[in-house]
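As structure tokens, the structure follows; a few thoughts come after it.
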Amino acid sequence: MRFAAAITGQAGIVASTVHRNSAELYTYLSEKIGALDGVQAVETALTLRLVKQLAYDPGR
């Protein structure tokens with residue numbers, strides 16, 4: 001898990017994870033996330049390449 005946050009709206013939680021392939025992603029979703037009590041639905045969005053990332057620098 002790289003990032004997770006509670007959000008407003010239908011989802012309630014957004015999370016960012018990294019997986020080597022689609023089989024690993026499917027296993028994670030079905031065995032880890034799907035096994036959690038209260039999970040009713042999961043929506044995924046694949047990111048193939050990160051172009052730019054905001055970095056927080058408190059010293060600036």
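Give the range 21-34 a look and list any residue that's part of a loop (DSSP other than H, G, I, E, B) and within 17 Å of Ala4 (Cβ to Cβ), or say none.
Within the range 21-34, just Gly34 meets the criteria.
Sort through Thr47, Thr27 and tell me the only one that's of a type in the set (S, T, N, Q) and either surrounded by 10 or more Cβ atoms within 10 Å (Cβ to Cβ) or modelled with pLDDT of 90 or more (or both).
Answer to the check: Thr27.
Test Lys52 against the stated conditions and say whether it is among the basic types (Lys, Arg) and either on the phi > 0 side of the Ramachandran plot or surrounded by 11 or more Cβ atoms within 10 Å (Cβ to Cβ) (or both).
no
Restricted to the range 1-20, and to residues that are within 9 Å of the chain's Cα centre (by Cα) and in a loop (DSSP other than H, G, I, E, B), which residue is farthest from Arg49 (Cα to Cα)?
Looking at residues that are within 9 Å of the chain's Cα centre (by Cα) and in a loop (DSSP other than H, G, I, E, B), I get Met1.
The values are calculated or read from the model by the stated rules, or taken from the named source; none is laboratory data. The shown structure was predicted, so the numbers you read here are calculated from the model rather than taken from an experiment. Because the Cβ atoms are built from the backbone with ideal geometry, glycine has one as well, and the counts that use them run over all protein chains shown.
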